[in-house]
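**Q** Dropping the structure in here first, questions after.
What follows draws every value from the coordinates through simple rules; no lab data is involved. Computed from a prediction, not measured in an experiment: that's the story for all the values here. Cβ coordinates were reconstructed from backbone atoms using ideal geometry, including for glycine residues, and neighbour counts include every protein chain displayed.
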Amino acid sequence: MSTTNQTESLSEESTGNEDGKVRVIKTPTELQRLKLEKLMKNPTKEVIIPEKSKEKAPRAPLEFIRNIWGSSAGAGSGDFHVYRGVRRREYARQKFIDEKAKKEGLDKAYTDKVEQNKREAEERTAKKRAKRLKKKEKLKAKRMKKKDSGDNQEKEESSSSESEEDDNA
């Protein structure tokens, strides 16, 4: 058996095609399509969606740092590395706090903007609604006036025809 036949048989087994053809995945879209096809083969099987990973907060700073010499004269040869580690952790902690504050500020600004947009949209809607209702009321009043004037004309016509009948009798 040649090496190409071995790789073809391996790839057929690994892709699991029923038709026996080798599928060479060239793009991420094809990979996604294959994954979806595999999921849709058994729709009753439960799909597990992983939860979002939580942000890892750095540990709190130590309350007492026993060796405060750092890299100054008189420090032992191993003390500098301890000092450097403490300093690195503290800078990482401060960076985390700054990034968290910045993210919260951006989130607050976004929610404020969304709320402001909703309020402005509601104000515009209310203004247009009031305008529509006012127009509707005017039209209704106009129809009522026209109807009333039509009723008055009918009453006048009927009363004048009644008076003519009374005169004839």
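**Q** Distance check, please: which entries in 54/100; 54/103; 52/103; 52/118 exceed 20 angstrom between their Cα atoms?
**A** Over 20 Å apart, Cα to Cα: 52/118.
**Q** Obtain the nm distance between the two label points defined at residue 87 and residue 138 by a simple spin-label model: each point lies 7 Å from its Cα along the Cα-to-C-beta direction.
**A** 7.7 nm
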